[in-house]
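Below is one structure, written out as structure tokens, with a few remarks after it.
The values are calculated or read from the model by the stated rules, or taken from the named source; none is laboratory data. The structure displayed is predicted, hence computed values, not measured ones. Cβ: placed from backbone, ideal geometry, glycine included. Neighbour counts: every protein chain shown.
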């Protein structure tokens, strides 16, 4: 259920939306829990939801180390080996992982309202790509994707959210982040963003952590979020493009700039690996000024700590 702060009469002014993927947009944690148990069970150990709660939302190099140490296997299993065996186990489960019932309706509503959207996931790119083969409707709504192996510091550091906001050309302080993990909520707050907490009932031990973090909204499912709680604002006057129009203009500009054939552009392709294409995405969305001003560097942790005012000319 939404908390009392979610019923404000005045919508919150927002530029962009950032989603975690696993456990937020798709029901990933059940399969993940089963796969995390496989390498341990081979060695006579068990994996609990309580331990899962401690590592949810973190990067593989972080959760693998924590789990190996917690179950007392450091002498016979390296974190890297554990992560490799986990990804081998989860590989056969990707096709069975479904989107949450409320995911696609919310994405459709946000797109209709014109909000640019991005995914910021701790998953490495290879794993992300495998998941998205089964969820093209989710990926088609995104104008940016940032994976955990593309940032130096994982959640709860703000790096991945700052990068996602920068790629959308949005001020991170005017973004909403949807997250199912305390580490993600902490990272969103560190980036200056508002947060929507989506606690997993299979991990009740995280409830005190969520309560202490005080997300702007706490919901029992992603489908409970009301787009009417938000009002889209833009740094650029006259920016009235919908997400679909943005995507069409992006592809047109890229075709014109790089002389590629339209048939080479997959409709669900993301632009993370092509800086020129990402720049085109920001321009196509009418974010010329904001894309220039609101970069990840401009909102680095050091810059945020200094709380420097935005420059109108930088």
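One line per residue, one yes/no per condition, for (1) in the same structural domain as residue 187 (by TED's automatic domain parsing); (2) under 21 Å from residue 183 (Cα atoms); (3) in contact (Cβ under 8 Å) with a residue 24 or more places away in the chain:
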residue	(1), (2), (3)
49	no, yes, yes
56	no, yes, yes
77	no, no, yes
83	no, yes, no
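Scanning the stretch 8-36 for residues that are within 23 Å of residue 157 (Cα to Cα), touching a strand residue (DSSP E or B) at 6+ places or on another chain (Cβ under 6 Å) and in a loop (DSSP other than H, G, I, E, B) yields a count of 5. So for the stretch 88-106 (the condition being over 23 Å from the mean Cα position of the chain (by Cα) and part of a helix (DSSP H, G or I)), does at least one residue qualify? For the stretch 88-106, residues over 23 Å from the mean Cα position of the chain (by Cα) and part of a helix (DSSP H, G or I): present.
Taking the stated definitions as given, is residue 58 modelled with pLDDT of 95 or more, part of a loop (DSSP other than H, G, I, E, B) and closer than 23 Å to residue 156 by Cβ? Criteria not met by residue 58.
For the residues 40, 110, 106, the requirement of being assigned by TED's automatic domain parsing to the domain that holds residue 167, farther than 21 Å from residue 199 by Cβ and at pLDDT 95 or above singles out 110.
Here is a yes/no grid of residues against (1) in contact with a helix residue (DSSP H, G or I) (Cβ under 6 Å, 6 or more places away or on another chain); (2) in the same structural domain as residue 49 (by TED's automatic domain parsing); (3) under 16 Å from residue 121 (Cβ atoms):
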position: 167; (1), (2), (3): yes, no, yes
position: 170; (1), (2), (3): no, no, no
position: 178; (1), (2), (3): no, no, yes
position: 191; (1), (2), (3): yes, no, yes
position: 197; (1), (2), (3): yes, no, no
position: 201; (1), (2), (3): no, no, no
